[in-house]
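In what follows, a structure is listed as structure tokens, so that the remarks can point back to it.
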Amino acid sequence: LQRADIVLVEGRSRVSGVIQSVTLSAWTHAALHLGTVAELALLGVDVSPLRAQGIADTTPMLLEAEIGHGVHLSPITRYRYEHLRLCRARELSQSDSLAVIEFCIERVGTPYDLRHISDLLRFFFPYGLLPRRWRSSLFEVGHGEMARTICSTLIARAFASVRYPILPTLHRGDGGDMVFHRRNARLITPRDFDHSPYFEIVKYPFFGDDVARYRELNWAKEIEP
């Protein structure tokens, strides 16, 4: 893991099952890898909000927004037995990775936006099947408390703060040049980091990197059909 890597989690709760069904993706949660408090302190990051969370200075930690906890820290070992995917922003500079981390650290303690997650699910649900009073209010003027957030929206805003793309759209400008347009951060879900061409998927090999010796792997004896 490197600083500002995104860890996607395949949740197993009932809420996760609903999110998987509506977004058509296994990934239901996203967390940002910060590194350790000791490393960040050496780089000049204000780590006082992190030390207040009670995690040891040498413990690799994730920052995440979660129902019932808001924006908080977790040791990476919390997800030891979960199915994960690691997404890494390609060519992200060190200064920008620190800016992304600082953006998120400043929001430690922010409440979780339950209204937003329900609106997001309604947005992805087939629109014509919902009564008008149930339809998503994500785009209503003044809707939502900007002080609240959910996991993927917080991370999307952090990367937007350094103008790093996730899944932008392209439109031709007045001069004929193609212009990037950011998607509304409130519409970003964990699967978008998986689909983004600007994030690498870092896979973990079970038997090491020496795949050229695949014929020497110790396979269990299989029964012929």
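The values are calculated or read from the model by the stated rules, or taken from the named source; none is laboratory data. What you see is a predicted model, and the numbers here were worked out from it, not measured in a lab. So basically every Cβ, Gly included, is an ideal-geometry build from the backbone, and we count neighbours across all protein chains shown. Quick note on the areas: whole protein, heavy atoms, side chains included, nothing else; ligands and nucleic acids left out. Shrake-Rupley method; radii C 1.70, N 1.55, O 1.52, S 1.80 Å.
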- Does the stretch 72-83 contain at least one residue that is in contact (Cβ under 8 Å) with a residue 40 or more places away in the chain and touching a helix residue (DSSP H, G or I) at 6+ places or on another chain (Cβ under 8 Å)? no
- For the stretch 14-26 the number of residues that are modelled with pLDDT of 70 or more and either over 15 Å from the mean Cα position of the chain (by Cα) or of a type in the set (A, V, I, L, M, F, W, C) (or both) is 2
- Message: Need the failing condition index for Leu167 against (1) modelled with pLDDT under 75; (2) assigned to a loop (DSSP other than H, G, I, E, B); (3) in contact with a His (Cβ under 9 Å, 6 or more places away or on another chain), just the number.
- Response: (1)
- Restricting attention to the stretch 66-102, which residues are open to solvent by less than 40 Å² (accessible area, probe 1.4 Å), part of a helix (DSSP H, G or I) and either farther than 20 Å from Phe193 by Cα or of a type outside the set (Val, Ile, Thr) (or both)? Tyr79, Ser97, Leu98, Ala99
- Query: In this structure, is Arg182 basic (Lys, Arg), at pLDDT 75 or above and under 17 Å from Ile6 (Cα atoms)?
  - Reply: no
- Which residues, counting only those in the stretch 27-57, are free of Cβ contacts under 8 Å to residues at least 24 places away in the same chain and in contact with a strand residue (DSSP E or B) (Cβ under 6 Å, 6 or more places away or on another chain)? Ile55
